[in-house]
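Enquirer: Handing you a structure now.
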Amino acid sequence: MPCPFLGSLSQTFVRNYGANLMKQYGNFCPIVSRGFRSFGNDETKCPFIQENAIIAEAPKEMSEDIVDNTPPYHYENFFHEQISAKKKDYSYRVFRKVSRLAADGMYPQALEGLDNRRVTVWCANDYLGTSRHPEVQDAAINAIKSYGTGAGGTRNIAGNSQMTEQLEAEIAKLHKKPAALIFSSCFVANDATLSTLAKLLPGCIVFSDAGNHASMIQGIRNSRAPKHIFRHNDPNHLRKLLSESPAGVPKLVVFETVHSMSGAICPLEEMCDIAHEYGALTFVDEVHAVGLYGKHGAGIAEERGLQNKVDIVSGTLGKAYGNVGGYIAGSSLLVDTIRSLAPGFIFTTALPPPVLAGSLASIRLLASEEGRQFRARHQAMVRYFKLSLLVAGLPQLPSVSHIVPVPVEGADKVARVAESLLRRGHYVQAINYPTVARGDERLRFAPGPFHTPEMIDSVVSSLIDAFHENGINFEQFIQNGACRECSMEYKMEVPYEEPYVYPMQVA
């Protein structure tokens, strides 16, 4: 006869503690303690004890030795399997030991590896080299001397510094918005803003570009708002989805201006007009455009005179502005709502003084005439690089921006080509899944104003050798009979033939 009390417990528990329970059943057993006279005259006699005699009569020492033999979960084995799978399909991320140099005459070079070998960097997002500009460096150094290296906590706890407010005012002015808010990174800015806004607006529906960055995808997912994904940079598909959505409910249309991996630029005006036609707010990520486009470096919206059509703009201080951090800019009430309700902002340590001061100096620098010279030199080097690939017969994805993607299909092949280039003194990181889809692997080049035509000639020559070395056929890309030997005949004239020198460094 099974015991209704012991039967309700796990076998492991009974094995370990059953003997003690039997010996003290008056305190533990809910059946005997309530008294069941039908079991006999003795209320304290358990009718099931005989069937559990082995456990009941076992010595205390033996009962305490009875343990569950189920082995614990092997966490380290699981982690090993996950990493092994990543390495097997070449999606494992290898972080190169690269220390970028800031001294005159060395940038954009870096020290690579344990032996500090000199290499040229082609994939950094410090697009204009402002991280090493004397004005930016001096501002950061002076801020450290005056205010220390850290913020001391969140803005609510440690206090809101004057530099924080100055930087937000400068960002708002740059984007012609009433207000701005800075975050620890643009990933956090996108995630916190979209998750808070889409969750807060009643019944909000999100329309997201298929090519959006992981930060925006994460923010939309965290909001748990219903979403529709429209084809990358396809305003017609966006219109179709919006036309099928209910009228009178809040809507967010979320997309980027410059796509980080393809270099494509969105049809900004058309997408904003369609969004507003259906009563939606536009959330536009200008991360890879701020500092690089427009008279003052405010991005594609400024370059095309469309800043008034963007409701919320997000940007970064960590790429063309050479520091770290992200931001949004928009209406005063919208910004205040995010400031008051977004956990990603409220509970994160504020940006430190040197970052605030360096970012403020960098924004002002790139809004000046010197910044316009940087942009002109930058675009000239990008054109030279693209044309050099073209005349050498090397593949490149169509890009109208400063990002130059060179496709190398296969995670194993793109990794080997990147390794071959590194051996030849050129650092460019292989891009594979999950950053891009499998089969869309590439090398992502970002030439800047401090690269020279000689550097570009060298990396193109090395790329040809790397393709040959790894058995990659690219002859089908040769156009107009161009070849390696005669490519210089097709090179365009590039302004500022000498490497750019900061004005304050000229004797």
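No value in this document is a laboratory result; all are computed from the given coordinates. If you're wondering where the values come from, they're calculated on a predicted model, not measured in any experiment. Here the Cβ is made from the backbone with ideal geometry for all residues, glycine too, and neighbour counts use every protein chain on show.
Enquirer: Calculate the FRET efficiency for D115 and E76 from the Cβ-Cβ distance with a Förster distance of 30 Å, rounded to the nearest 0.05. Mind dumping the intermediate values first?
Expert: On the way: r = 32 Å, r/R0 = 1.08.
The computed FRET efficiency comes out at 0.40.
Enquirer: If the only charges are +1 at each Lys and Arg Cβ and -1 at each Asp and Glu Cβ, what is the size of the charge dipole of the stretch 403-453 around the Cα centre, to the nearest 20 debye?
Expert: Details: 7 positive and 5 negative charges, 27 e Å.
Result for the stretch 403-453 is approximately 140 debye, rounded to the nearest 20.
Enquirer: Further question on the same structure: Mean shadow of the stretch 252-397, computed from the convex hull of its alpha carbons, in nm²? Don't skip to the answer; put the middle values down first.
Expert: Working: hull surface 42.2 nm².
If I average the Cα hull's projected area over directions, I get 10.5 nm².
Enquirer: Given T348, Q307, H296, which one lies farthest toward the positive end of the charge dipole of the stretch 133-366, if we put +1 on the Cβ of every Lys and Arg and -1 on the Cβ of every Asp and Glu?
Expert: Checking the options against the dipole of the stretch 133-366, the answer is T348.
Enquirer: At Q166 and H276, where each label point lies 7 Å from the Cα along Cα→Cβ, what is the point-to-point distance in nanometres?
Expert: 3.4 nm
Enquirer: Considering the options S243, H232, C123, tell which one lies farthest towards the positive end of the dipole of the stretch 97-247, charges being +1 on Lys and Arg and -1 on Asp and Glu at the Cβ, about the Cα centre.
Expert: The residue sitting farthest along the positive end of the dipole is S243.
Enquirer: Charges only on Cβ, +1 for Lys and Arg, -1 for Asp and Glu: so what's the dipole of the stretch 128-236 about the Cα centre, in debye to the nearest 20?
Expert: Values: 11 positive and 8 negative charges, 68 e Å.
Approximately 320 debye in magnitude.
Enquirer: L341 to A158: FRET efficiency via 1/(1 + (r/R0)^6), r the Cβ-Cβ distance, R0 22 Å, to the nearest 0.05? Walk me through the intermediate numbers first.
Expert: Working: r = 20 Å, r/R0 = 0.91.
Calculated value: 0.65.
Enquirer: K86 to N142: extension gain in nm, 0.36 nm per residue of separation minus the Cα-Cα distance?
Expert: Gain on extension, K86 to N142, equals 15.7 nm.
Enquirer: What's the magnitude of the charge dipole for the stretch 166-302 around its Cα centre, counting Lys and Arg as +1 and Asp and Glu as -1 at the beta-carbon? Answer in Debye, nearest 20.
Expert: Details: 12 positive and 14 negative charges, 75 e Å.
The dipole magnitude comes to about 360 debye.
Enquirer: Dividing the alpha-carbon Rg of the stretch 343-483 by 2.2 N^0.38 Å yields what?
Expert: Details: Rg = 18.5 Å, N = 141, 2.2 N^0.38 = 14.4 Å.
In units of the globular-protein estimate, the stretch 343-483 measures up at 1.28.
Enquirer: Starting from the stretch 206-273, pick out the trypsin sites (Lys or Arg not before Pro) whose DSSP state is loop and whose Cβ has at most 15 other Cβ atoms within 10 Å. Could the numbers behind the result be given before it?
Expert: On the way: sites: R221, R224, K227, R231, R239, K240, K251; in loops: R224, R231.
Those satisfying the criteria are R224, R231.
Enquirer: So how do I363, I265, I229, I328 line up by other beta-carbon neighbours within 10 Å, fewest first?
Expert: Ordered by Cβ neighbours within 10 Å, fewest first: I229, I265, I363, I328.
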